[in-house]
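S.K.: Pasting in a structure now, in structure tokens, and then I'll have a few things to ask.
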Amino acid sequence: MTFLKTFFSVFIILMFIFVLQTIWLYISELAGKDLDIWVVLKFLWYVSPRLIPLVLPLTVLVTSLMVFGSFAEKYEFAAMKSTGISLQRAMRSLTVFILLLALTAFFFANNVIPYSEYKWQNLRRNIAHVSPSMVIAEGQFSQIGDNFNIKVGEKSGDRDQFLHDVVIHQKKPDRPNGNYNVTIADNGELASEEGSNTLSLILKDGYYYDEVITKDVNKQRRQPFVKSYFEEYTINIDLTEFNNTDVDKENELSNHNMYNLSELFVEIDSLSKGYTRDIKMFSDNMYYRSGVAKFNDDLVKSRLVPDTVQSVLDIYKPRQQSNVLSMALNNVRGTLQSINAKKTEFQIKTKRINKHEIALHEKYVLAFAVIILFFVGAPLGAIIRKGGMGLPMVVAVLLFLTYHFIGIFAKNSAEDGTMHPFIASWISTVIMLPLGVWLTYRATTDQGIFDIDSFLQRIGKLFGKKEE
């Protein structure tokens with residue numbers, strides 16, 4: 001009962017701390033939008049499950065240290081051992097509880113967290129659409145609708161309606177790919193009537209740039225554009241999507257954190273096959289573009305195809321050789337550009353696959369982390385013989401920060417492909433495993449973490465032998 005009372009008390013305290021941190025992180029998305037209190041509470045309710053992978057292992061570690069440290073401090077373990085009850089036997093009932101807790105954590109991570117992640121991300125998107133002025137952030141491009149990307153240097157006014165240093169990239173229906181229209185203005189103002197689905201962006205003292213697309217390649221290389229100055233220019237933006245105040249509206253969202261195990265297996269298999277297919281198609285494309293396919297083995301063996309640059313140039317007249325070299329260099333540059341562009345695309349796809357694999361393993365890691373951290377905290381508490389919120393809390397936080405930061409750094413490396421996702425997901429837990437085994441052994445054999453007297457005796461014997 002003591003362990004359960006402490007466990008739930010610590011869990012509530014830590015959850016409260018992490019929820020406050022979450023409010024601090026996302027206060028900009030909630031403040032200034034006249035949201036109902038129930039919407040804010042719903043936001044916190046949906047975000048709470050994603051905190052469990054942090055709160056639950058730390059709770060187990062802190063509780064184990066506090067309870068077993070308190071028992072050792074009050075010599076209750078000594079009394080148990082005098083009656084023939086070993087530490088393993090004292091931990092038996094708690095071990096069953098921890099195993100049940102680990103199983104519950106696994107099902108929670110597999111079912112509840114993906115669902116809450118979807119509801120939370122869905123609610124975040126709907127809240128962002130309540131106030132368009134809040135969507136426009138200072139110092140970065142913010143998308144409004146499908147055709148406008150707006151960047152402002154500073155916002156002012158009681159409703160952030162006055163904008164300064166405005167840059168707008170606008171897409172056109174006939175040219176959806178690319179930002180061919182750029183508008184730059186010193187000042188701007190957001191104005192709209194109540195209940196209207198149209199937002200008027202009034203710009204003052206600026207320039208409008210429109211890139212001209214021509215079919216003539218030579219003219220297009222000059223990058224022609226039209227530039228015009230305006231004192232006042234009004235852009236009307238359709239706000240049908242943003243004026244939707246239904247925060248419970250269902251959107252089509254999906255990412256690796258919203259899938260359970262069965263869905264992750266299917267998604268990883270699909271992404272991997274698509275990735276392999278794209279690589280094969282690109283390699284085949286580069287092979288045929290190089291022109292090597294035009295030459296068969298018979299021609300190569302008969303030496304009819306020149307195998308050096310100079311032998312190729314000797315086929316042409318001197319005045320044509322420069323043109324041949326220029327064409328070859330252009331082909332090489334084009335190939336390198338294609339490879340660099342595809343390299344970035346493949347890196348993005350690799351990162352996406354790695355994130356899905358990490359999400360898959362994290363569901364198992366949470367359950368094992370609960371078990372292993374219990375066998376780190378319980379024997380460590382029995383060894384240090386100190387209960388309460390002082391030293392046990394400090395030791396628990398240091399251990400957990402070590403565990404957590406190792407996992408964070410490993411997962412960041414795995415996303416970039418530096419480390420395998422399986423290793424990155426399990427490395428922090430695997431590091432804690434031998435520590436838990438060693439501490440359990442030291443605690444059950446009534447040994448401290450570090451026996452100074454034994455160490456000094458060994459050093460003395462070592463130097464004594466040398467003197468002889």
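S.K.: Here is a list: 381, 388. Which entry is assigned to a loop (DSSP other than H, G, I, E, B), out of contact with any Cys (no Cβ under 7 Å at 6 or more places or on another chain) and at pLDDT below 85?
M.R.: 388
S.K.: Which one is nearest to residue 265 (Cα to Cα) among residues in segment 333-364 that are of a type in the set (Ser, Thr, Tyr) and without any contact (Cβ under 8 Å) to a residue 60 or more places away in the chain?
M.R.: Filtering first and then ranking leaves 344.
S.K.: Would you please list the contacts, defined by Cβ atoms under 7 Å and residues six or more apart or on different chains, that run from a residue in segment 419-440 that is under 14 Å from residue 61 (Cβ atoms) to a residue that is open to solvent by 80 Å² or more (accessible area, probe 1.4 Å)?
M.R.: 429/368
S.K.: Looking only at segment 394-409, how many residues end up being surrounded by 13 or more Cβ atoms within 10 Å (Cβ to Cβ), among the aliphatic types (A, V, I, L, M) and under 15 Å from residue 53 (Cβ atoms)?
M.R.: 1
S.K.: Under 6 Å between Cβ atoms, at least 6 apart or on separate chains: pull out the pairs that start in segment 386-408 with a residue that is among the small types (Gly, Ala, Ser) and end on any residue that is modelled with pLDDT of 75 or more and in a helix (DSSP H, G or I).
M.R.: Within 6 Å, the pairs are 387/66; 387/69; 387/70; 396/61; 396/62; 396/65; 407/428.
S.K.: Just name the residue that is modelled with the highest pLDDT out of those in segment 361-378 that are under 21 Å from the mean Cα position of the chain (by Cα) and either open to solvent by 20 Å² or more (accessible area, probe 1.4 Å) or of a type in the set (Phe, Trp, Tyr) (or both).
M.R.: 364
S.K.: Within segment 42-59, is there a residue that is farther than 29 Å from residue 362 by Cβ and assigned to a helix (DSSP H, G or I)?
M.R.: Checked segment 42-59: no residue is farther than 29 Å from residue 362 by Cβ and assigned to a helix (DSSP H, G or I).
S.K.: Moving on. Would you check which residues across segment 87-130 are modelled with pLDDT under 80 and open to solvent by 50 Å² or more (accessible area, probe 1.4 Å) and list them?
M.R.: Matches in segment 87-130: 88, 89, 92, 93, 124, 125.
The values are calculated or read from the model by the stated rules, or taken from the named source; none is laboratory data. Treat the numbers as computed from the prediction; the structure is a model and nothing was measured. For neighbour counting, all protein chains shown are included, and Cβ atoms are generated from backbone atoms with ideal geometry for every residue, glycine included. Surface accessibility is based on the protein's heavy atoms, side chains included, excluding ligands, DNA and RNA. Shrake-Rupley method; radii C 1.70, N 1.55, O 1.52, S 1.80 Å.
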